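Novice: Have a look at this one.
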(Lines give C-alpha, C1' and ligand atoms only; values in the text may rest on other atoms or scores of the structure.)
Protein backbone atom coordinates (compact mmCIF):
# COMPACT_ATOMS: atom_id res chain seq x y z
CA UNK A 1 0.00 0.00 0.00
CA UNK A 2 1.59 3.24 -1.22
CA UNK A 3 -0.56 5.45 0.98
CA UNK A 4 -1.90 7.32 -2.06
CA UNK A 5 -5.64 6.83 -2.49
CA UNK A 6 -7.49 7.39 -5.73
CA UNK A 7 -11.21 7.27 -6.38
CA UNK A 8 -13.06 6.05 -8.29
CA UNK A 9 -11.13 2.98 -9.40
CA UNK A 10 -13.25 2.55 -12.51
CA UNK A 11 -15.52 4.97 -14.32
CA UNK A 12 -17.51 4.62 -17.52
CA UNK A 13 -19.09 7.71 -18.99
CA UNK A 14 -20.38 9.06 -22.27
CA UNK A 15 -18.75 11.50 -24.65
CA UNK A 16 -19.38 15.12 -23.78
CA UNK A 17 -19.72 14.41 -20.09
CA UNK A 18 -17.60 15.70 -17.20
CA UNK A 19 -15.95 13.63 -14.49
CA UNK A 20 -13.91 14.33 -11.39
CA UNK A 21 -11.11 12.08 -10.21
CA UNK A 22 -9.96 12.38 -6.63
CA UNK A 23 -6.61 11.78 -5.02
CA UNK A 24 -5.50 11.75 -1.40
CA UNK A 25 -1.71 11.90 -1.13
CA UNK A 26 0.43 10.09 1.38
CA UNK A 27 0.25 11.64 4.81
CA UNK A 28 2.63 14.58 4.94
CA UNK A 29 3.33 14.73 1.21
CA UNK A 30 2.82 18.23 -0.17
CA UNK A 31 3.30 17.49 -3.87
CA UNK A 32 0.64 15.82 -5.96
CA UNK A 33 1.16 14.81 -9.57
CA UNK A 34 -1.38 13.70 -12.14
CA UNK A 35 -0.46 11.41 -15.02
CA UNK A 36 -2.36 9.95 -17.93
CA UNK A 37 -1.53 6.54 -19.36
CA UNK A 38 -3.25 5.63 -22.59
CA UNK A 39 -3.15 2.13 -24.08
CA UNK A 40 -0.56 3.04 -26.66
CA UNK A 41 1.48 5.56 -24.68
CA UNK A 42 3.61 5.68 -21.61
CA UNK A 43 2.99 7.84 -18.60
CA UNK A 44 2.24 11.40 -19.66
CA UNK A 45 2.68 14.12 -17.08
CA UNK A 46 -0.37 16.34 -16.76
CA UNK A 47 0.10 18.68 -13.83
CA UNK A 48 1.73 19.07 -10.42
CA UNK A 49 0.50 20.87 -7.33
CA UNK A 50 2.59 21.74 -4.32
CA UNK A 51 0.87 22.77 -1.10
CA UNK A 52 -2.17 24.05 -2.92
CA UNK A 53 -0.44 25.86 -5.75
CA UNK A 54 0.15 24.77 -9.30
CA UNK A 55 3.86 24.03 -9.65
CA UNK A 56 4.28 22.53 -13.10
CA UNK A 57 2.17 21.85 -16.10
CA UNK A 58 2.64 19.19 -18.74
CA UNK A 59 0.55 18.19 -21.71
CA UNK A 60 -2.75 18.89 -20.03
CA UNK A 61 -5.63 19.73 -22.32
CA UNK A 62 -7.63 22.90 -21.78
CA UNK A 63 -10.67 20.69 -21.16
CA UNK A 64 -8.89 19.32 -18.11
CA UNK A 65 -8.26 21.16 -14.88
CA UNK A 66 -7.04 20.30 -11.44
CA UNK A 67 -6.78 21.76 -8.00
CA UNK A 68 -5.30 20.92 -4.63
CA UNK A 69 -7.30 21.71 -1.54
CA UNK A 70 -6.09 22.92 1.89
CA UNK A 71 -6.23 19.36 3.22
CA UNK A 72 -3.85 18.50 0.32
CA UNK A 73 -6.20 16.20 -1.52
CA UNK A 74 -6.44 16.90 -5.22
CA UNK A 75 -9.08 16.62 -7.89
CA UNK A 76 -8.64 16.27 -11.64
CA UNK A 77 -11.63 17.51 -13.61
CA UNK A 78 -12.10 16.22 -17.14
CA UNK A 79 -14.80 17.87 -19.21
CA UNK A 80 -16.29 17.57 -22.70
CA UNK A 81 -14.97 14.05 -22.71
CA UNK A 82 -13.88 12.42 -25.93
CA UNK A 83 -13.27 8.78 -26.76
CA UNK A 84 -9.53 9.48 -26.78
CA UNK A 85 -9.64 10.51 -23.15
CA UNK A 86 -10.14 6.87 -22.18
CA UNK A 87 -7.07 6.06 -20.15
CA UNK A 88 -5.69 5.17 -16.77
CA UNK A 89 -5.16 8.30 -14.68
CA UNK A 90 -2.58 8.07 -11.95
CA UNK A 91 -2.03 10.32 -9.02
CA UNK A 92 1.32 10.34 -7.25
CA UNK A 93 2.70 12.19 -4.28
CA UNK A 94 6.10 13.13 -2.97
CA UNK A 95 7.53 14.98 -0.01
CA UNK A 96 9.62 18.05 0.62
CA UNK A 97 13.28 18.58 -0.33
CA UNK A 98 15.15 15.34 -0.74
CA UNK A 99 12.01 13.53 0.35
CA UNK A 100 10.63 14.81 -2.93
CA UNK A 101 12.96 12.39 -4.65
CA UNK A 102 10.69 9.55 -3.56
CA UNK A 103 7.43 9.23 -5.43
CA UNK A 104 4.45 7.08 -4.53
CA UNK A 105 1.68 6.16 -6.92
CA UNK A 106 -1.96 5.49 -6.36
CA UNK A 107 -3.57 2.51 -8.03
CA UNK A 108 -5.06 4.66 -10.74
CA UNK A 109 -8.52 5.50 -11.98
CA UNK A 110 -9.63 3.70 -15.12
CA UNK A 111 -11.73 6.02 -17.26
CA UNK A 112 -13.64 4.62 -20.19
CA UNK A 113 -15.46 7.07 -22.45
CA UNK A 114 -18.11 5.49 -24.65
CA UNK B 1 12.09 14.13 -28.21
CA UNK B 2 11.75 12.24 -24.98
CA UNK B 3 14.14 13.33 -22.27
CA UNK B 4 14.23 9.78 -20.95
CA UNK B 5 15.01 6.96 -23.35
CA UNK B 6 14.51 3.32 -22.46
CA UNK B 7 15.54 0.19 -24.28
CA UNK B 8 14.45 -2.29 -25.29
CA UNK B 9 10.77 -1.44 -25.71
CA UNK B 10 9.75 -5.09 -25.55
CA UNK B 11 11.63 -8.06 -24.19
CA UNK B 12 10.78 -11.74 -24.09
CA UNK B 13 12.98 -14.06 -22.06
CA UNK B 14 13.05 -17.68 -20.98
CA UNK B 15 12.73 -18.38 -17.31
CA UNK B 16 16.15 -18.24 -15.67
CA UNK B 17 17.70 -15.78 -18.11
CA UNK B 18 19.60 -12.69 -17.04
CA UNK B 19 17.78 -9.54 -18.15
CA UNK B 20 19.01 -5.99 -18.61
CA UNK B 21 16.90 -2.92 -19.24
CA UNK B 22 18.58 0.38 -20.01
CA UNK B 23 17.67 4.00 -19.38
CA UNK B 24 19.40 7.12 -20.67
CA UNK B 25 18.51 10.68 -19.82
CA UNK B 26 19.61 14.04 -21.06
CA UNK B 27 20.12 16.42 -18.12
CA UNK B 28 21.29 16.43 -14.54
CA UNK B 29 19.05 14.62 -12.12
CA UNK B 30 18.54 14.45 -8.39
CA UNK B 31 17.06 10.95 -8.44
CA UNK B 32 16.18 8.09 -10.74
CA UNK B 33 13.50 5.52 -10.09
CA UNK B 34 12.88 2.13 -11.56
CA UNK B 35 9.16 1.48 -11.46
CA UNK B 36 7.29 -1.76 -12.02
CA UNK B 37 3.78 -1.88 -13.41
CA UNK B 38 1.99 -5.21 -13.42
CA UNK B 39 -1.00 -5.95 -15.63
CA UNK B 40 -3.94 -4.34 -13.88
CA UNK B 41 -2.16 -1.03 -13.58
CA UNK B 42 -0.56 -0.54 -10.14
CA UNK B 43 2.85 1.13 -10.14
CA UNK B 44 5.47 0.54 -7.49
CA UNK B 45 8.92 1.97 -7.13
CA UNK B 46 11.53 -0.79 -7.09
CA UNK B 47 14.54 1.41 -6.58
CA UNK B 48 15.47 5.02 -6.09
CA UNK B 49 19.04 5.83 -7.09
CA UNK B 50 21.15 8.93 -7.02
CA UNK B 51 24.49 7.16 -7.39
CA UNK B 52 26.09 3.74 -7.47
CA UNK B 53 24.25 0.49 -7.24
CA UNK B 54 21.40 -1.07 -5.28
CA UNK B 55 20.34 -4.68 -4.94
CA UNK B 56 17.08 -6.17 -3.77
CA UNK B 57 16.74 -9.90 -4.12
CA UNK B 58 17.20 -10.81 -7.77
CA UNK B 59 17.01 -7.19 -8.89
CA UNK B 60 20.03 -4.94 -9.28
CA UNK B 61 19.97 -1.30 -10.35
CA UNK B 62 23.01 0.73 -11.31
CA UNK B 63 23.48 4.33 -12.29
CA UNK B 64 26.36 6.19 -13.94
CA UNK B 65 25.81 9.88 -13.30
CA UNK B 66 28.58 11.03 -15.67
CA UNK B 67 27.21 8.98 -18.55
CA UNK B 68 23.57 9.76 -17.63
CA UNK B 69 22.68 6.11 -17.82
CA UNK B 70 21.07 3.52 -15.60
CA UNK B 71 20.45 -0.19 -15.93
CA UNK B 72 18.04 -2.55 -14.25
CA UNK B 73 19.16 -6.17 -14.11
CA UNK B 74 17.06 -9.17 -13.21
CA UNK B 75 18.94 -12.35 -12.42
CA UNK B 76 17.33 -15.79 -12.74
CA UNK B 77 14.19 -14.29 -14.26
CA UNK B 78 10.83 -15.77 -13.36
CA UNK B 79 7.39 -15.51 -15.00
CA UNK B 80 6.20 -13.36 -12.09
CA UNK B 81 8.74 -10.75 -13.22
CA UNK B 82 6.57 -10.18 -16.30
CA UNK B 83 5.57 -6.53 -16.11
CA UNK B 84 6.30 -3.15 -17.58
CA UNK B 85 9.43 -1.53 -16.16
CA UNK B 86 9.60 2.24 -16.27
CA UNK B 87 12.52 4.54 -15.68
CA UNK B 88 11.63 7.88 -14.07
CA UNK B 89 13.95 10.78 -13.33
CA UNK B 90 13.61 13.90 -11.24
CA UNK B 91 15.47 16.83 -12.71
CA UNK B 92 18.00 18.71 -10.58
CA UNK B 93 16.36 22.02 -11.47
CA UNK B 94 12.74 21.07 -11.18
CA UNK B 95 10.21 19.14 -9.24
CA UNK B 96 8.79 17.09 -12.05
CA UNK B 97 9.41 13.49 -12.77
CA UNK B 98 9.95 12.49 -16.39
CA UNK B 99 9.25 8.97 -17.52
CA UNK B 100 10.60 6.63 -20.12
CA UNK B 101 8.02 4.87 -22.28
CA UNK B 102 8.60 1.62 -20.46
CA UNK B 103 9.94 -1.83 -21.26
CA UNK B 104 7.39 -4.61 -21.49
CA UNK B 105 8.98 -7.80 -20.15
CA UNK B 106 7.51 -11.24 -20.67
CA UNK B 107 9.22 -14.19 -19.01
CA UNK B 108 8.19 -17.53 -20.47
CA UNK B 109 8.23 -20.64 -18.25
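The values are calculated or read from the model by the stated rules, or taken from the named source; none is laboratory data. All values derive from a computational prediction rather than experimental measurement. Reconstructed Cβ throughout: ideal geometry from the backbone, glycine too, with neighbour counts over all protein chains shown.
Novice: One residue is enough: does segment B:86-100 have a residue meeting the conditions within 13 Å of chain A (Cβ to nearest Cβ), surrounded by fewer than 21 Cβ atoms within 10 Å (Cβ to Cβ) and not in a loop (DSSP other than H, G, I, E, B)?
Specialist: yes
Novice: Kindly indicate which of B:105, B:35, B:72 is part of a strand (DSSP E or B), facing chain A (nearest Cβ under 8 Å), at pLDDT 90 or above and surrounded by 16 or more Cβ atoms within 10 Å (Cβ to Cβ).
Specialist: Matching residue, one of B:105, B:35, B:72: B:35.
Novice: Can you name the number of the only condition in (1) within 12 Å of chain B (Cβ to nearest Cβ); (2) assigned to a loop (DSSP other than H, G, I, E, B); (3) under 12 Å from the mean Cα position of the chain (by Cα) that residue A:47 fails?
Specialist: That leaves (2) as the condition not met.
Novice: Take residue A:35 and tell me if it is touching a residue at least 60 places away in the same chain (Cβ under 8 Å), within 11 Å of another protein chain (Cβ to nearest Cβ) and at negative phi.
Specialist: No: the conditions fail for residue A:35.
Novice: Surrounded by fewer than 17 Cβ atoms within 10 Å (Cβ to Cβ), outside any loop (DSSP other than H, G, I, E, B) and within 12 Å of chain B (Cβ to nearest Cβ), is that true of residue A:56?
Specialist: yes
Novice: Suppose we filter segment B:1-26 for residues that are over 23 Å from residue B:75 (Cα atoms) and out of contact with any strand residue (DSSP E or B) (no Cβ under 6 Å at 6 or more places or on another chain); how many remain?
Specialist: 3
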